[in-house]
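Okay, structure first, notes after.
The values are calculated or read from the model by the stated rules, or taken from the named source; none is laboratory data. Since this is a predicted model, take the numbers as computed values, not measurements. Backbone-built Cβ (ideal geometry, glycine too); neighbour counts: all protein chains shown.
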Amino acid sequence: MPDTTPAKKALLEVDDVTIKFGGLTAMDSVSFQIREGEILGLIGPNGAGKTTCFNVMTGVYQATSGEVRLDGVSLAGRRRHKITQLGLARTFQNIRLFKSMTVLENVMVGADAHSKVGFFDALFRLPRHRRTEEEALAKAKGLLDLVGIKARHDELAANLSYGEQRRLEIARAMATGPKLLCLDEPAAGFNPAEKVQLMQLIKKVRDQGYTVLLIEHDMKLVMGVTDRIVVLEFGKKIAEGTPAEIRDNPAVIAAYLGVDEEDAS
Ligand SMILES: Nc1ncnc2c1ncn2[C@@H]1O[C@H](COP(=O)(O)OP(=O)(O)O)[C@@H](O)[C@H]1O
Ligand SMILES: [Mg+2]
């Protein structure tokens with residue numbers, strides 16, 4: 001049957017990826033695509049292989065077989081910083097910030113991944129770099145504004161609240177100028193009201209023209225924000241579809257009921 005969906009370009013292709021850790025197959029022939037401009041949810045119970053998928057995409061792990069392509073370019077065998085330069089940025093399930101740097105400096109480090117002028121050049125204010133530095137500063141402040149923590153730009157990252165640190169991580173990832181922004185459980189540890197606020201932020205980010213891959217383990221949370229959802233369980237893709245399709249999918253319901261109450265919520 002001819003495919004009648006409007007042709008939206010596949011920005012990222014995960015093509016038949018398998019990765020084994022000793023006897024454990026953490027991803028088992030997983031394939032899916034992310035289209036330009038969409039928010040794709042990657043969900044599944046704890047241990048399903050979601051973070052491993054990010055790690056393969058970003059060059060932390062090499063796939064045992066299969067490959068990931070960004071804009072048609074294979075990421076296989078590429079170093080992490082190269083993958084960032086190609087346009088793939090991520091945040092981490094456990095926050096990783098430079099705690100003894102200011103909020104603004106943390107974002108500047110992100111911007112440095114793309115610029116020819118180094119962060120340290122900017123720090124020492126070499127005259128020929130001054131203009132680029134000013135542009136980078138303006139851009140960084142704009143990103144802090146977008147994520148809602150601009151007023152805190154001079155504060156040390158360590159002094160931010162947990163929720164502000166999560167937002168800073170997103171701003172830092174965005175500062176690398178990514179084609180695809182990958183967020184690994186950005187709402188982990190949040191109360192329900194904070195989670196809703198974060199989902200609103202993710203929508204806002206997408207409306208700025210970013211494509212977003214969102215890992216979340218709370219199924220309800222991703223329903224309201226994603227365009228499509230891919231579900232993993234024990235390293236296998238068990239479903240893919242719109243939020244409505246996923247909500248009614250028996251295999252997905254079974255996967256979520258197979259774990260404890262809180263996970264099924
Ligand atoms: N570096 C590693 N070495 C061995 N096993 C790993 C490694 N990374 C992940 N795993 C295993 O792969 C499986 C998937 O983990 P993960 O991707 O973190 O799941 P999720 O993010 O969906 O909760 C788990 O069983 C985990 O223990
Ligand atoms: Mg994980």
Item checked: Count of residues meeting criterion [over 17 Å from the mean Cα position of the chain (by Cα) and more than 28 Å from residue 177 (Cα to Cα)] in the stretch 220-239 -> 8
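Listed here are the residues, each with its yes/no results for (1) more than 15 Å from ligand 2 (Cβ to nearest atom); (2) hydrophobic (A, V, I, L, M, F, W, C).
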site	(1), (2)
154	yes, no
159	yes, no
173	yes, yes
184	no, no
212	yes, yes
240	yes, no
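Given the stretch 19-96, what strands (runs of 3 or more DSSP E) lie entirely inside it while holding 2 or more residues that are more than 16 Å from ligand 1 (Cβ to nearest atom) and in contact (Cβ under 8 Å) with a residue 12 or more places away in the chain?
In the stretch 19-96, 24-35, 65-70, 88-90 are the strands (runs of 3 or more DSSP E) which contain 2 or more residues that are more than 16 Å from ligand 1 (Cβ to nearest atom) and in contact (Cβ under 8 Å) with a residue 12 or more places away in the chain.
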Notebook entry, point to check: Filtering the stretch 147-186 down to residues that are more than 19 Å from the chain's Cα centre (by Cα) and basic (Lys, Arg), which residue is nearest to ligand 1 (Cβ to nearest atom)?
Noted result: 152
Note to self: Need pairs with beta-carbon distance below 9 Å; first residue in contact (Cβ under 8 Å) with a residue 24 or more places away in the chain and closer than 17 Å to residue 98 by Cβ and within the stretch 158-184, second of a type in the set (Phe, Trp, Tyr) and assigned to a loop (DSSP other than H, G, I, E, B); sequence gap 6+ or separate chains.
What the structure shows: 162/190; 166/190; 169/92; 174/210
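From the list 65, 31, 74, exactly one residue is exposed (fewer than 14 other Cβ atoms within 10 Å of the Cβ), under 24 Å from residue 226 (Cβ atoms) and not aliphatic (A, V, I, L, M). Which is it? If you could, list the steps in order and put the result at the bottom.
Numbers: 65 fails: under 24 Å from residue 226 (Cβ atoms); 74 fails: under 24 Å from residue 226 (Cβ atoms).
Only one candidate passes the filter, namely 31.
Whether any residue in the stretch 82-90 is within 16 Å of ligand 2 (Cβ to nearest atom), surrounded by 13 or more Cβ atoms within 10 Å (Cβ to Cβ) and closer than 26 Å to residue 203 by Cα is what I want to check. Before you say what the answer is, go through the steps one by one.
Applying the first criterion (within 16 Å of ligand 2 (Cβ to nearest atom)) to the stretch 82-90 yields 90.
Add one more test, that the residue is surrounded by 13 or more Cβ atoms within 10 Å (Cβ to Cβ), and what stays is 90.
The next check asks that each one be closer than 26 Å to residue 203 by Cα; those that pass are 90.
Within the stretch 82-90, one or more residues are within 16 Å of ligand 2 (Cβ to nearest atom), surrounded by 13 or more Cβ atoms within 10 Å (Cβ to Cβ) and closer than 26 Å to residue 203 by Cα.
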Next item on the list: Can you run down the residue pairs with Cβ atoms below 9 Å, 6 or more apart or on separate chains, where the first is in the stretch 227-240 and closer than 16 Å to residue 214 by Cα and the partner is in a strand (DSSP E or B) and polar (S, T, N, Q)?
Entry: 237/29; 237/31
Notebook entry, point to check: Among the residues of the stretch 45-71, which ones are at pLDDT below 95, among the small types (Gly, Ala, Ser) and more than 9 Å from ligand 2 (Cβ to nearest atom)?
Noted result: 59
Checklist line | The lone exception for residue 100 - which of (1) closer than 30 Å to residue 139 by Cα; (2) within 16 Å of ligand 1 (Cβ to nearest atom); (3) touching a helix residue (DSSP H, G or I) at 6+ places or on another chain (Cβ under 8 Å); (4) assigned to a loop (DSSP other than H, G, I, E, B) it fails | finding: (2)
Check: Quick one: would you say residue 104 is assigned by TED's automatic domain parsing to the domain that holds residue 168, at pLDDT 90 or above and not small (Gly, Ala, Ser)?
Finding: yes
Check: Considering the stretch 152-161 alone, what residues qualify as being among the charged types (D, E, K, R) and part of a loop (DSSP other than H, G, I, E, B)?
Finding: 154, 155
Margin query: I'm told residue 38 meets every condition in (1) touching a strand residue (DSSP E or B) at 6+ places or on another chain (Cβ under 7 Å); (2) under 30 Å from residue 158 (Cα atoms); (3) modelled with pLDDT of 95 or more except one. Can you identify the failing condition by its number?
Written below: (2)
